[in-house]
Amino acid sequence: MKAILIPVKEFREAKKRLAPHFLPADRASLAEAMCEDFFSVVAATRCADRVFVISKEPGALSRARKLGWETIVESYQTSESDSVDAGSRYCAEQGVRALLRLPIDLPLVEPCDIEAVFEQLDVAPSVVLVPSSDGTGTNALLRSPAVLFPSHFGPNSFPVIWPRRRDAAHVLESFETLVWSSISMNWMICGGFRIGCGLAPPRRDGS
């Protein structure tokens, strides 16, 4: 079973890196608008059997339920990594084998981009990583099994996830990794600007 997991921070707590440029109410409105837009994109995809939203934000949880998605309600939020790992464990318990974590702040992403990530996935155990434009962050993470290795998101997360992937590969002996890049998946809202990069050729690395 394939699924998408979308972590959503409380709108009033989101985009604090934009604090020098926007008031708290404006940042909350931006987060809400991004959530609504991104949910519409995911709703148009045909690649996942189920969609899960993990959040403490009532607005995001309500939108998810209206779309017929499953919700994981958080009583508190410490970090996106913790939220994704908790959500991944829950999804694995529900029978999900391949789980794609996506953030809501990918303003250029289209349904075909999300579907393309799933198309890159090899037989389990395997992972597809989509780095941020500068190569230091992790914009999308598709793991099969869903709890293949611990999450780590945020600035400089990609260099942390890479050795975790390698450690899992050593334990499992057989492991397929694909680093995949596209313009729309690499662009995201960051520090008041949209940051992007050009296309990079896919490369497989089973080391």
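Any chance segment 79-88 includes a residue that's modelled with pLDDT under 95, out of contact with any Lys or Arg (no Cβ under 7 Å at 6 or more places or on another chain) and more than 17 Å from Ala146 (Cβ to Cβ)?
Yes, because at least one residue in segment 79-88 is modelled with pLDDT under 95, out of contact with any Lys or Arg (no Cβ under 7 Å at 6 or more places or on another chain) and more than 17 Å from Ala146 (Cβ to Cβ).
Among all residue pairs at least 6 apart or on different chains, which show Cβ distances below 6 Å where the first residue, located in segment 28-45, is over 17 Å from Gly68 (Cβ atoms) and the second is among the aliphatic types (A, V, I, L, M)?
So the pair list comes out as Ala31/Ala14; Met34/Ile104.
Tally time: how many residues in segment 78-112 are under 16 Å from Thr45 (Cβ atoms), under 13 Å from the mean Cα position of the chain (by Cα) and not aliphatic (A, V, I, L, M)?
2
Listed residues Phe22, Phe39; which is surrounded by fewer than 19 Cβ atoms within 10 Å (Cβ to Cβ) and either aromatic (Phe, Trp, Tyr) or closer than 15 Å to Ala146 by Cβ (or both)?
Phe22
Of all residues in segment 42-54, which are surrounded by fewer than 21 Cβ atoms within 10 Å (Cβ to Cβ) and in a strand (DSSP E or B)?
Arg50, the sole residue that qualifies.
What number of residues within segment 1-37 satisfy the criterion of being at pLDDT 90 or above, assigned to a loop (DSSP other than H, G, I, E, B) and under 11 Å from Glu57 (Cβ atoms)?
Qualifying residue count for the region: 2.
From (1) in a helix (DSSP H, G or I); (2) out of contact with any Leu (no Cβ under 6 Å at 6 or more places or on another chain), pick out the condition that doesn't hold for Cys91.
For Cys91, the exception is condition (2).
Considering segment 113-135 alone, what residues qualify as being surrounded by 15 or more Cβ atoms within 10 Å (Cβ to Cβ), more than 22 Å from Gly154 (Cβ to Cβ) and either basic (Lys, Arg) or modelled with pLDDT of 90 or more (or both)?
Phe118
Kindly indicate which of Ile104, Ile72 is buried (at least 17 other Cβ atoms within 10 Å of the Cβ), among the aliphatic types (A, V, I, L, M), touching a Phe, Trp or Tyr at 6+ places or on another chain (Cβ under 6 Å) and at pLDDT 95 or above.
So the residue among Ile104, Ile72 that is buried (at least 17 other Cβ atoms within 10 Å of the Cβ), among the aliphatic types (A, V, I, L, M), touching a Phe, Trp or Tyr at 6+ places or on another chain (Cβ under 6 Å) and at pLDDT 95 or above is Ile72.
Which count do you get for residues in segment 58-79 that are in a strand (DSSP E or B) and in contact with a helix residue (DSSP H, G or I) (Cβ under 7 Å, 6 or more places away or on another chain)?
Looking only at that region, the number is 3.
The values are calculated or read from the model by the stated rules, or taken from the named source; none is laboratory data. Keep in mind that this is a model prediction, so the values were computed, not measured. Here Cβ is always computed from backbone atoms with ideal geometry, including for glycine, and neighbour counts include all displayed protein chains.
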